[in-house]
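Here the structure comes first, spelled out in structure tokens, and everything after it is commentary.
Just so it is clear, none of the values below were taken in a lab; they were calculated from the coordinates. None of these values were measured; they are calculated from a predicted model. Glycine gets a Cβ as well: all are built from the backbone with ideal geometry, and neighbour counts include every protein chain shown.
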Amino acid sequence: MNKLIEKINALSAGYKVYGVGGFVRDLLINRKHSDIDLAVDKNAAKFAAALAKKFDAKLVTLDEANKIYRIMLKNESVSNIDVSLLDGKSIEEDLSRRDFTVNAFAFELKYFGNYKKYLLNAGKAAFKDLKSKTVSMVSKDVFVKDPLRMLRAFRFSAELGFKISENTLKQIKKNAAFIKKSAGERIKNEFFRTLDSKSAAGLISVMDKCGLLGEIFSEIKAMKKAPKKHYYHPGGLFQHSFETMASVENILNNMNKYFPGALKYLREYFSDKSVYSENVNKANLLKFAALFHDSAKPETAGKEGGKMRFFGHEDEGAKKIENIMKSLKMSKKDISNAVFLVKNHMRPSTLTRNNVVTKKASLKFFRDIGENTPDLLILSMADWHSYKKLKKFSPKELKSQEKSANEMMDYYFELKNAKPLPKIIDGNVIMKKFKLKPGPWIGELMKITLEAQQEGKIKDRKAALKLIDSKLTQIKKKYKIA
């Protein structure tokens with residue numbers, strides 16, 4: 001860090017350069033920081049460009065109107081250097097216009113080695129709130145100036161473990177509707193960073209009570225308007241959806257309890273942060289999918305045999321979450337995976353309803369669901385867990401579902417990490433033996449033999465050919481082969 005700061009200071013001639021915001025806050029609380037936040041008194045774009053050149057790094061404009069730029073570093077102790085123009089004529093004025101008191105600290109960067117001696121702040125409240133671990137607005141108009149700061153309050157609470165002051169929550173409730181003015185991608189980054197917390201459910205609940213959640217997602221308001229009499233939860237559809245998301249979080253936080261056999265593999269699976277777009281990962285995307293998994297139930301409600309049914313709510317829900325994520329400017333991969341989870345969230349429950357899941361049924365499920373198998377099994381378990389607080393809850397039925405999901409998870413990773421089975425037959429042999437032309441039917445016959453081999457039903461080519469012969473009439477009929 002010292003060498004990095006020295007390089008920045010070496011380019012600072014003619015500028016007043018300040019360390020500001022989260023960078024200073026993290027120094028004060030001895031928290032590891034990934035970014036360095038700087039404010040300069042003039043020519044922020046020029047200074048940022050000079051830094052980018054010095055570090056041979058990519059320069060990105062974060063906010064042209066407010067003159068905020070990012071230098072994306074490589075092989076350094078931090079990931080980014082963010083440079084902004086002072087908001088006002090002085091650093092004191094800048095600090096008075098910042099979002100929260102715990103971020104309203106600064107010092108001239110040239111004094112980095114002894115920064116505490118030269119520390120500036122927005123007032124006594126800054127130190128008081130830092131000590132009490134409280135997120136408090138600097139002034140009442142902070143959310144009008146930048147509505148995204150309302151979401152940032154929750155994100156800071158999530159990442160720092162700080163509470164949000166009552167006055168700040170009241171102001172968020174008052175200004176909640178302004179969040180619509182924020183860009184979709186900015187909302188996405190703050191919301192998913194909040195979801196990434198191990199205690200996100202509590203924060204989402206507070207966000208909902210402030211009215212902010214419903215202003216971000218109109219679908220939340222629609223879920224709340226759905227007639228409560230059609231749902232088991234006294235709070236209706238939204239309560240069920242929220243409890244499912246909270247249950248996903250609980251399961252992820254306690255995988256040693258729910259999936260002890262697959263714990264090692266699940267930890268590796270959910271620790272991979274490279275799969276999706278910035279600030280999105282498998283854990284927070286799964287929570288997001290859980291929150292909206294039943295969002296289309298109101299419009300698919302219909303009675304059958306005197307009972308309320310929601311036929312096709314999975315498909316309609318998949319369309320809804322796709323539209324939500326598009327409005328947040330999320331990546332195609334983010335969207336496709338969330339859509340897949342919502343579209344298939346009933347599959348595991350349907351499979352485990354009879355309490356005994358055969359290897360054959362499991363193999364078909366793994367083949368259809370693929371890499372999303374762990375996510376979908378957890379989502380299904382969380383769906384069941386959402387009913388645990390209800391009077392009509394059946395512990396026996398839940399235990400049965402948990403057992404089936406656990407066995408399937410173990411079997412999935414057993415197959416995934418097993419040594420490849422010896423190849424006992426290939427497509428050329430099948431085509432020659434049964435006088436077939438190339439086509440998708442060959443792939444299907446190969447899958448049939450592989451699944452039988454995985455189940456231990458066949459072990460050699462002779463047995464494979466016999467199995468294929470027994471399935472041939474069925475396959476020919478399916479693909480209309482003469």
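So here's what we get for this one:
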{"quantity": "Under 5 Å, built H, 5+ apart or other chain: amide partners of ARG309", "calculated": "GLY302, LYS303, GLU304"}
{"quantity": "Estimated vicinal HN-Hα couplings, Hz - region 126-142 in sequence order (Karplus 6.51, -1.76, 1.60; Gly, Pro = x)", "calculated": "4, 5, 4, 5, 5, 5, 8, 6, 10, 8, 10, 5, 6, 8, 5, 9, 4"}
{"quantity": "The chain: Rg to Rh, with Rh as the Kirkwood radius over Cα pairs", "calculated": "1.07"}
{"quantity": "Cα Rg, Dmax (largest Cα-Cα span) when computed across region 333-460, Å", "calculated": "18.1, 63"}
{"quantity": "Pair SER331, LYS89: separation of 7 Å Cα→Cβ label points (nm)", "calculated": "4.6 nm"}
{"quantity": "Once the Cα gyration tensor of region 262-417 is diagonalised, semi-axes √(5λ) in Å", "calculated": "24, 23, 14"}
{"quantity": "Spacing of the two label points (7 Å from each Cα toward its C-beta) at LYS447 and LYS399, in nm", "calculated": "3.7 nm"}
{"quantity": "Of the GluC sites (Glu not before Pro) in region 178-266, those whose Cβ has at most 14 other Cβ within 10 Å and which sit in DSSP loop", "calculated": "none"}
{"quantity": "Under 5 Å, built H, 5+ apart or other chain: amide partners of ILE458", "calculated": "GLN453"}
{"quantity": "Additional length obtainable on full extension of the chain from VAL144 to ASN66, 0.36 nm per residue less Cα span", "calculated": "26.6 nm"}
{"quantity": "Within-13-Å neighbourhood charge of SER349 [Cβ basis; K, R +1; D, E -1]", "calculated": "-3"}
{"quantity": "Computed lengthening from LEU263 to LYS307, 0.36 nm per intervening residue step minus Cα-Cα distance", "calculated": "11.9 nm"}
{"quantity": "For LEU62, distant residues with modelled amide H under 5 Å away", "calculated": "ILE68, TYR69, ARG70"}
{"quantity": "Calculated from backbone phi, Karplus (6.51, -1.76, 1.60) coupling profile of region 16-33 in Hz, x at Gly/Pro", "calculated": "9, 10, 10, x, 9, x, x, 4, 6, 3, 5, 4, 5, 9, 6, 9, 5, 10"}
{"quantity": "Loop-resident sites, region 233-301, for trypsin sites (Lys or Arg not before Pro), counting at most 14 other Cβ within 10 Å (DSSP)", "calculated": "LYS273"}
{"quantity": "Förster radius 30 Å - calculated FRET efficiency between TYR111 and LYS46, Cβ distance, rounded to 0.05", "calculated": "0.85"}
{"quantity": "Table column - 3J(HN,Hα) (Hz), region 243-250, Karplus curve with 6.51, -1.76, 1.60, x for Gly and Pro", "calculated": "5, 5, 4, 4, 6, 4, 4, 4"}
{"quantity": "Spherically averaged projected area of region 411-455 from its Cα convex hull (nm²)", "calculated": "3.5 nm²"}
{"quantity": "Ratio Rg/Rh, restricted to region 427-479 and using Cα atoms, in which Rh is the Kirkwood radius", "calculated": "0.93"}
{"quantity": "Relative contact order computed over the chain (Cα-Cα under 8 Å; 6+ residues apart), in percent", "calculated": "9 percent"}
{"quantity": "Euclidean distance between Cα centres, region 7-45 to region 196-217, Å", "calculated": "31 Å"}
{"quantity": "Selection from LEU445, LEU398, SER12 lying farthest towards where the dipole of the chain points positive, charges on Cβ", "calculated": "LEU445"}
{"quantity": "Radius 11 Å from Cβ of ILE29, net charge of other residues (Lys, Arg +1; Asp, Glu -1)", "calculated": "+4"}
